[in-house]
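Just passing along the structure, written as structure tokens.
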Amino acid sequence: MSIEQYIHKKWMRRAIQLASLGKGFTSPNPMVGAVITNKSGKLISEGFHEKTGTKHAEAMAFSNLKDDPAGGTLYVNLEPCCHRGKTPPCVDAIISSGLKRVFVSIKDPDVRVSGKGIKLLKDAGIQVHLGLCEEESLELNKSFIHRNITGTSFGVFKWAMSIDGRLGLKNGESKWITNVNSRSLVHKLRADFDAIVIGGNTLRKDNPLLTTRGIKKPEPLRVVFTKTLNFPKECKLWETSYSDTLVVYDSSSADEKYLKDIPKGVSVEKVPSDNPKFLSKILAQKGCNSILWECGPKLATAAVKEGCIQEFITFISPKILGGDNCMTTFSDFEFTSMTNIINLNFGEIKQINSDIYIKSLINKLSSA
Ligand SMILES: [Zn+2]
């Protein structure tokens, strides 16, 4: 790598780092950071997209300028926009700034942009270099890219289990398998997602609150996916002062007489079957780039079968629960041969005091 390439990489990594500060705040928008250097290569500004509805990263960087950008370089981790959304197009601002060169990590998969932003910059005589730090930028905005390409939300299924693979005892008792540090990591994790999904059984059995417990980020939408609509009168989720709650029900099986028991503050939508893909589509249409699935074995198995899950997060505790009929993570996938089973790749693995955290990946995203 030449010294020049090293320097360009350094500034793009800084743009990615700035972009990541928007994690949990920007959906349905991507996380974007921008760095501007002047014609001598000196840093003169930086900015990032802080949250939905506010200025884009490039516009933030232009409003923080400490020197004339003419002849300088912009580093941005996603293709600049060329459409008028809630804010004016960034491409126009870049062209009128007099910048000579733009480094872009990845194209914007949004059909309104998707290469058009880069073309407009090139047509205006600006040098555009695409692909710097591509891997890191894909990883950062994988949920946004996934939603744009598939029309469904990026799904992560999370569960906690004993070292012998049990989620709880035969009598249903499961509090607590993991240690207090793992549990507080779950609260932090939730804040990085746009929605958390559980099934009706989890609501009836665990009555969870599904909040981030004091993490200073917007609370994710709490979603119950149900076949019956038959819930206890007192549910912690109905307490909507914490965050919004949505009940999505299968209209082919649910008894709508129970709708009257759901409090007014809770939103309700119906889908034609219990296929979790319908749920993922509804949430994507609502602007949820990512979903954390915290459901039981039946819904988890269906979600994996339907391609709604892209990553798995497993907490493993060094405890033995034993038992033949204990709850396990998935129900029957009906595999009849080892050639048909699901193969994952380990991503991140770390120890959290006595527990182990494992992230596994089901597939890899390719560049948009
Ligand atoms: Zn923009």
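Going Cα to Cα from LYS10, which aspartates and glutamates come in below 13 Å? Please leave out same-chain ones fewer than 8 positions away.
Straight-line reach from LYS10, under 13 Å: GLU136.
Using alpha-carbon positions, what is the distance between the centroids of region 152-171 and region 112-150, in Å?
36
If you don't mind, there's one more thing I want to ask. Which percent, to the nearest 5, of DSSP beta bridges fully inside the chain are antiparallel?
Values: 21 of 59 bridges.
Around 35 percent of the beta bridges assigned by DSSP in the chain are antiparallel ones.
Could you order the peptides 251-261, 12-22 from most to least packed, using the average number of other C-beta atoms within 10 Å per residue? Display every interim value, and only then the final one.
Working: 251-261: 11.9, 12-22: 21.0.
For the peptides 251-261, 12-22, the packing ranking is 12-22, 251-261.
Can you give me the relative contact order of the chain as a percent, contacts being Cα pairs under 8 Å and 6 or more apart?
Details: 791 pairs, mean separation 58.0, N = 368.
Across the chain, relative contact order equals 16 percent.
Okay, next question. Is there a pair in LYS116/LYS158; LYS205/LYS359; LYS298/LYS359 whose C-alpha atoms are over 28 Å apart, and which pairs would that be?
Correct reply: LYS116/LYS158.
Another question about this same structure. What number results when the radius of gyration of region 142-217, computed over Cα atoms, is divided by 2.2 N^0.38 Å? Walk me through the numbers before you get to the answer.
On the way: Rg = 14.7 Å, N = 76, 2.2 N^0.38 = 11.4 Å.
For region 142-217, the normalised Cα radius of gyration is 1.29.
How large is the dipole of the chain about the Cα centre if only Lys and Arg carry +1 and Asp and Glu carry -1, each at its Cβ, rounded to the nearest 20 debye? If you can, show how the numbers build up before the last one.
Details: 50 positive and 38 negative charges, 123 e Å.
That gives the chain a dipole magnitude of about 600 debye.
Can you give the % of DSSP beta bridges in region 147-361 that are antiparallel, to the nearest 5? Don't skip to the end; give the middle numbers.
On the way: 12 of 41 bridges.
Antiparallel bridges make up about 30 percent of those DSSP assigns within region 147-361.
How far is it, in nm, from the label point at SER114 to the one at GLU306 when both lie 7 Å from their Cα along the line to the Cβ?
Simple spin-label model gives 2.5 nm for this pair.
Tell me, how many Å apart are the Cα centres for region 231-254 and for region 286-308?
For region 231-254 versus region 286-308, the Cα centre distance is 17 Å.
Now a separate question. In whole angstrom, and with the biggest value first, how far do the Cα coordinates of region 97-192 range along each principal axis?
Principal axes ranked by extent give 69, 27, 21 Å for the Cα atoms.
Excluding LYS55 itself, calculate the net charge of residues whose Cβ lies under 15 Å from the Cβ of LYS55, where each Lys or Arg counts +1 and each Asp or Glu counts -1. Could the numbers behind the result be given before it?
Details: positive: LYS51, ARG84, LYS86; negative: GLU46, GLU50, GLU58, ASP92.
Local charge sum for LYS55: -1.
Hey, got the Cα dimensions of region 162-271 along the principal axes, in Å, largest first?
41, 37, 23
Using +1 on the beta carbon of Lys and Arg, -1 on that of Asp and Glu, and nothing else charged, what's the dipole of region 3-140 about the Cα centre, debye to 20?
180
Binning every alpha carbon pair distance of region 262-368 at 5 Å from zero, what are the percents per bin?
Here the calculated profile for region 262-368 is 2, 9, 14, 19, 20, 16, 10, 7, 3, 0.
Kindly rank 310-323, 77-90 from highest to lowest mean number of other beta carbons found within 10 Å of each residue. Working shown, then result.
Numbers: 310-323: 17.4, 77-90: 20.9.
By packing density, highest mean first, the sequence is 77-90, 310-323.
Where Rh denotes the Kirkwood radius from the mean inverse Cα pair distance, what is Rg over Rh for region 147-361?
Working: Rg = 17.0 Å, Rh = 17.9 Å.
Expressed as Rg/Rh, it is 0.95.
Bin width 10 Å, origin at 0, all Cα-Cα pairs of the chain: what percent of pairs per bin?
5, 22, 28, 22, 14, 7, 2, 0
Let me ask something else. I want to verify the translational diffusion coefficient of region 3-140 in µm²/s; compute it with Stokes-Einstein, Rh as the Kirkwood radius over Cα pairs, at 10 °C and 1.306 mPa s. List each step's numbers first, then the result.
Details: Rh = 14.4 Å.
Rounded, D is 110 µm²/s.
Another question about this same structure. Just want the answer: with Cβ charges of +1 for Lys and Arg and -1 for Asp and Glu, which residue in ILE282, PRO297, THR54 is farthest toward the dipole's positive end in the chain?
THR54
Where a number appears in this text, it was derived from the coordinates with a stated rule and is not lab data. Keep in mind that this is a model prediction, so the values were computed, not measured. In this analysis, Cβ positions are derived from the backbone assuming ideal geometry, glycine residues included, and neighbour counts consider all displayed protein chains.
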